[in-house]
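Q: Starting off with a structure, shown below.
Read the figures in this text as sums done on the coordinates, not as results from a lab. Nothing here was measured: the structure is a model prediction, and the numbers come from that model. Every residue, glycine among them, receives a Cβ derived from its backbone with ideal geometry; neighbour counts consider all protein chains shown.
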Amino acid sequence: MHTTHPRKVKILATLGPASASPEGVRALIQAGTDCFRLNASHLKPPEIAPLVEMVRAAEREAGRPIAVVCDLAGPKLRVRKGTPTRTLNAGETIELSADPAVSAIPIEGFDPRHDSLPGSRILVKDGKVVLRVRELSSTGVRAVVERPGDVGGGMGVNLPDGETSLPSLTDHDRACASAALEAGVDTLALSFVRRPEDLELLRAYMAACHVSVPVVAKLEKAQAVRPETLARVLLASDIVMVARGDLGAETAPEQVPVLQKQILRTARCLGIPAITATELLESMIREERPTRAEAADVANAVFDGTDAVLLTAETAIGQHPALAVATCASIIRQAEAHGEFGTSWSCPTQLPESRDPVADAVAMAAGRAADQLDAAVLVCFTNSGRTARLVARHRPRTPILALTPSWHVARALGLVWGITPHVCPEQPADHEAVVHLVEHIARERGLVDDGELLVITHGAPMGAQSATNLLRAHRVGQAGAPATAGTGME
C-alpha cells in the first residue's frame, strides 16, 4: 500500500532566536517545514554560514532536500536601532531626520528633504503610527502625529506617497548576498522591489560573484503591483512573494486581499511560483492556538492558489515555533481535502509567447492525463526544474514527483506547489531506461503498487537537453528495458 500523498502547499519557516539551534531546526523539519528563511535584516554576514550549515546537517539527517532562502533587507527604512521607545500623541509635532543629535526619532536611510514633501505621509510600525509632513526644516522635516502610538528603535518606516532615495541593493545587501552565496544558499530574496531593473541589479551582482541562484521578488511597494508593472516584475523573477505587511502599509489594508488574489493569479498565469507571507498565525507568537481568522487566512491562501506560505515571527521569536508549523500544516491539509474550494481564478492554457508553448502544452496534457487516468504519480525528469514547475502550474490532483540530478534544483522545487523533489544521480540514456528508473524510484518511495499507473514526462531525445516534449502512461509491473547510464534530463 503506498504512502499518504504529501501536502501540496509548502511551508517556509524563518530562523531566529527561538529556533536557530540544531534541535530547533530538527523540530521544525519534523513539524513540516519545507524551507528555511534567513532574515538578513537581523543578521550580520558572518552569521549566515553557520545557519546554512545547521540546516544542511538537519537536511542530511532528514534525507530530503530542504531549501535555504536568504532574504535581503533591500531599501528598508527603520527607526535607528537603540532609539528609546517613546509615545507620540495625536497633534504633536516632531522633528525627523537621519541625525540623532537633532531628531528624537532618527531614521536610518532616510533623506527627508528629498523623500518627503509637505503633505506626504510617514508611516511607522506597519502603518500603526501615521505622521503627516508639515514643512521642511534645515536638517529634515517637521511632521504632525495623525495616528498616535509608541515608536522605538528598529521599527519599520514606510513612505506610501513617494519613493526612498536608497538604492535597491544596499551595501548591507551586497555583503549578505556574498556571504549567503559563498555558504551555498539556494535562493536570494530581494525586498521592496519597485521595478524589473531592481532584480536585474541583483542578478548582475551574482554574475560578478560567478554564482547564480533563483531570485524571489518581494512585493511590498505600490509601484510594483500596479497593472502596468506587475507582469514585468514577475517575468524578471523566478519566484514572487506577497509580503502583506509592508504592502498593506504602502497601499491600504483593505486593498491587500484583492492584491493577494491578483498577484497569485498573475504569477500562476506566468508560471512563476508564489509565496504568501506576513501575519498568517501571528497570535501563535504567544498562544498555542491560532485565531479563527488566522486559520481562515491560511486556508484562503491555499484556495487562492499559493505555492507556499511563510511563517516569520511565529518561528523566529515565537514561544511555540514547531507547534506553529504543525498547526499551519494541519490547516493546509484540511483546506486541500476540499477540492471543490480549489483555485477559483482561471489562468490561460498557454504561457505568453516569450515562454515555450510546446513544453507548457505537454505539461498541461500530463496533468490532465494523470487526473483522468487516476494515476498514482506524475513523474517529471528535469535539470533546471522548469518541467516540474510547468506541470505544477496546472494544479493536477495527482502528486508530482520531480527527479533531478541537482540538489540546488531539488531544494528550489521544494517551494513549488504539489512537487516532491528527489535527487537522482543516475541519468538514463533512453526512454525505456527512464520508465524503468521511474518505476524503481516510485516503488522505493512507497508511492505506487503493482497495476497502478504512472504518467511520465521529459524531453527527448535523451542527452540533447531537449525541451519537454514527451508524455507516457505506464502501468507498474509491465516489462521495460533496463536502465543504463547516460545523460539527458531537461
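Q: Sorting L471, L136 on the 10 Å Cβ count, fewest up front, what's the list? Don't skip to the answer; put the middle values down first.
A: Working: L471 17, L136 14.
Ascending Cβ contact count within 10 Å gives the list L136, L471.
Q: Calculated from DSSP H runs of 4 or more alone, at -39500 (n - 2.57) each and per residue, what is the 222 nm mean residue ellipticity of the chain, nearest 500?
A: Calculated at 222 nm, the ellipticity per residue is -10000 deg cm²/dmol.
Q: Return an integer: the convex hull volume of the alpha-carbon atoms of region 226-377, in Å³ per residue.
A: 136 Å³
Q: Using alpha carbon coordinates only, what is the Rg to Rh ratio of region 77-158, with Rh defined as the Kirkwood radius?
A: In region 77-158, Rg relative to Rh is 0.90.
Q: How would you classify the chain from its alpha-carbon gyration tensor, with a ≥ b ≥ c the square roots of the eigenvalues: rounded for a/c under 1.5, else prolate if a/b is greater than b/c, otherwise oblate?
A: It comes out prolate by the Cα gyration axes.
Q: Could you give the size of the charge dipole of the chain about its Cα centre, using +1 on the Cβ of each K and R and -1 on the Cβ of each D and E, expressed in debye and rounded to the nearest 20? Display every interim value, and only then the final one.
A: Values: 50 positive and 57 negative charges, 96 e Å.
With only Lys, Arg, Asp and Glu charged at Cβ, the dipole is about 460 debye.
Q: Let me ask something else about it. Given region 282-328, report the % of alpha carbon pairs whose separation exceeds 17 Å.
A: 29 percent
Q: Tell me the label-point distance for the pair H114, L373, using the 7 Å Cα-to-Cβ offset, in nm and rounded to one decimal.
A: Taking the two extended label points, one gets 6.1 nm.
Q: With +1 assigned to the C-beta of every Lys and Arg and -1 to the C-beta of every Asp and Glu, and no other charges, what is the dipole magnitude of region 148-248 about the Cα centre in debye, to the nearest 20?
A: Around 220 debye, computed over region 148-248.
Q: Got a sec? Which residues in region 173-190 would a label at R60 touch, if it sits 7 Å along Cα→Cβ and we count backbone N under 19 Å?
A: Counting only backbone N, you get 182-186.
Q: Right, next: Based on the Cβ-Cβ distance from C209 to E444, what FRET efficiency comes out when R0 is 60 Å, to the nearest 0.05?
A: Values: r = 38 Å, r/R0 = 0.63.
That gives a FRET efficiency of 0.95.
Q: Right, something else. Cross-link candidates for K261: which lysines have Cα within less than 20 Å, leaving aside residues fewer than 8 places away along the same chain?
A: K8, K10, K218, K221
Q: Within the chain, what percent of beta bridges assigned by DSSP are antiparallel, to the nearest 5? Before the final figure, lay out each step's value.
A: On the way: 31 of 75 bridges.
Looking only at bridges with both residues in the chain, the antiparallel portion is about 40 percent.
Q: For Q319 paired with W407, estimate the spin-label separation in nm (one decimal), with each label point 7 Å from Cα along the Cα-to-Cβ line.
A: 3.8 nm
Q: In terms of Cα to Cα distance under 18 Å, which aspartates and glutamates are near enough to K81, apart from those fewer than 8 places away along the same chain?
A: The qualifying aspartates and glutamates are E95, D99, E108, D111, D126, D150, D171, D173.
Q: Would you calculate the separation in nanometres between label points at A101 and N89, each defined as 7 Å from the Cα along the Cα-to-beta-carbon direction?
A: With each label point 7 Å from Cα toward Cβ, the separation is 3.0 nm.
Q: Give me the Kirkwood hydrodynamic radius of region 357-475, using the inverse of the mean 1/r over all pairs of distinct Cα atoms, in Å to one decimal.
A: 13.8 Å
Q: Here's another thing I want to ask about it. If R0 is 35 Å, what FRET efficiency do you get for R472 and E288 from their C-beta distance, rounded to 0.05?
A: Numbers: r = 48 Å, r/R0 = 1.38.
Between R472 and E288 the formula returns 0.10.
Q: Got a sec? How would T164, T404 order by Cβ neighbour count within 10 Å, fewest to most?
A: T164, T404
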